[in-house]
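Remarks on the structure that follows.
The values are calculated or read from the model by the stated rules, or taken from the named source; none is laboratory data. What you see is a predicted model; the values in this text were computed from it and never measured. Positions of Cβ are backbone-derived with ideal geometry, glycine not excepted, and every protein chain shown enters the neighbour counts. Keep in mind that these areas ignore ligands, DNA and RNA; they rest on the heavy atoms of the full protein, side chains included. Shrake-Rupley method; radii C 1.70, N 1.55, O 1.52, S 1.80 Å.
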Amino acid sequence: MPGPRQDYLDAFDEEDDVFAPRTPASAHAADAYASVADGNAGTPADSRSGDPGGAAPPGAPTPGRGGKGRAFTGIAAAAVTTVLAVIVAGQVADGQGGADVQSQSATDRARDVRDPASRAAGRVTPAPGARLAPLTYEAKMERTYPLGATLKGSGRFDAVPGIAKAPGAGQKFTYRVDVEQGLGLDAELFAEAVQKTLNDQRSWAHNGARTFERIHSGRPDFVITLASPGTTADWCAKSGLDTTVDNVSCDSAATERVMINAYRWAQGSETYGDGNIHAYRQMLINHEVGHRLGYGHVTCDKDGDLAPVMQQQTKFLDHDGIHCRANPWPYPRS
């Protein structure tokens, strides 16, 4: 530890000591630093174990300096003690701070090991453009959807908004699509399926004979309605039809509604299986609209033939020893 600078010491050798007149004698008696620096004090300086600076230099104060020397000695000792105290305090603080930093660093390292979320390497960052693309119409039509076989809905319907213009020049039929509230099914998908199916050249639009247009308001020729099994049964009963036996759909001819049973739309049938539900949905639409157009039930007459679209394919494909193949179209070979 270097001592006070020489120019600082020399300042106290001047005759006009600025410190001496300001320090009364009574203050020296009560000044702890003066008792330490004064060699005539009762307690030897080298016996004070609490003095961080060690023992004071031995001997009496320097001759010729008198009170000023003693005042200087006390102030110098105070300065030395203060500096040493600051150094010691700084070392203690540094030691504590170092321990705190080391403890914090160790904690951070431990957290880094235990908690992968705190490490960039443990985080999964989606690649740009990695969002899943929305399902296509075909993909949606190939899926089954949950819906109970005994569900009875509210009996209230919402018309699917928008229009779909008739694409052909044949006899035009207008229709509206209603979906029962609370089914949890995709109403727009159903409406799109109806328009695509009816205007397919394999359907009732074959050879330009008919064309179908979906409207949202006004009076349509018929209303294709997607409804729960219970609501379907209620509307079919208005036309004397019982759909509860095999949980089927119907054309309620006494009303404006062509009823599509939502359970069959969502779940399909054993005759088609889950893997062919897109075709089954096309058959549902073509079969029930076929009734609205005036066609009745028929069956295939030759083993291995395609079932006519007006066969009750939800109920059966085989009859009287004849095996019929599933077919959703009125004109399948077009």
GluC sites (Glu not before Pro) within the stretch 218-300: DSSP coil, no more than 13 neighbouring Cβ in 10 Å
Glu270
Pseudo-spin-label distance Ala149 to Gln312, built 7 Å along Cα→Cβ, given in nm, is 1.7
Taking 2.2 N^0.38 Å as the expected size of a compact globular protein, what ratio does the Cα radius of gyration of the stretch 205-287 give against it, to two decimals?
1.17
Not counting ligands, DNA or RNA, and with a 1.4 Å probe, what is Leu293's accessible surface area in Å² rounded to the nearest 10?
40
Principal axis lengths of the stretch 160-243 from Cα atoms, whole Å, largest first?
38, 28, 25
Between their Cα atoms, which of Lys196/Lys238; Lys152/Lys172; Lys238/Lys302; Lys172/Lys302 are more than 31 Å away from each other?
Lys152/Lys172; Lys238/Lys302; Lys172/Lys302
For the stretch 142-156, what does the Karplus curve 6.51 cos²θ - 1.76 cosθ + 1.60, with θ = phi - 60°, yield as ³J(HN,Hα) per residue in whole Hz, taken in order and with x for Gly and Pro?
8, 9, 8, 9, x, 6, x, 6, 10, 5, 10, x, 6, x, 9
Starting from the eigenvalues of the Cα gyration tensor, five times each then square-rooted, give me the equivalent ellipsoid semi-axes of the stretch 222-334, largest first, whole Å.
23, 15, 13
Under a plain spin-label model, where a point goes 7 Å from the Cα along Cα-to-Cβ, how far apart in nm are Val245 and Arg219?
3.6
Considering only the stretch 198-334, percent of DSSP beta bridges that pair antiparallel, nearest 5:
40
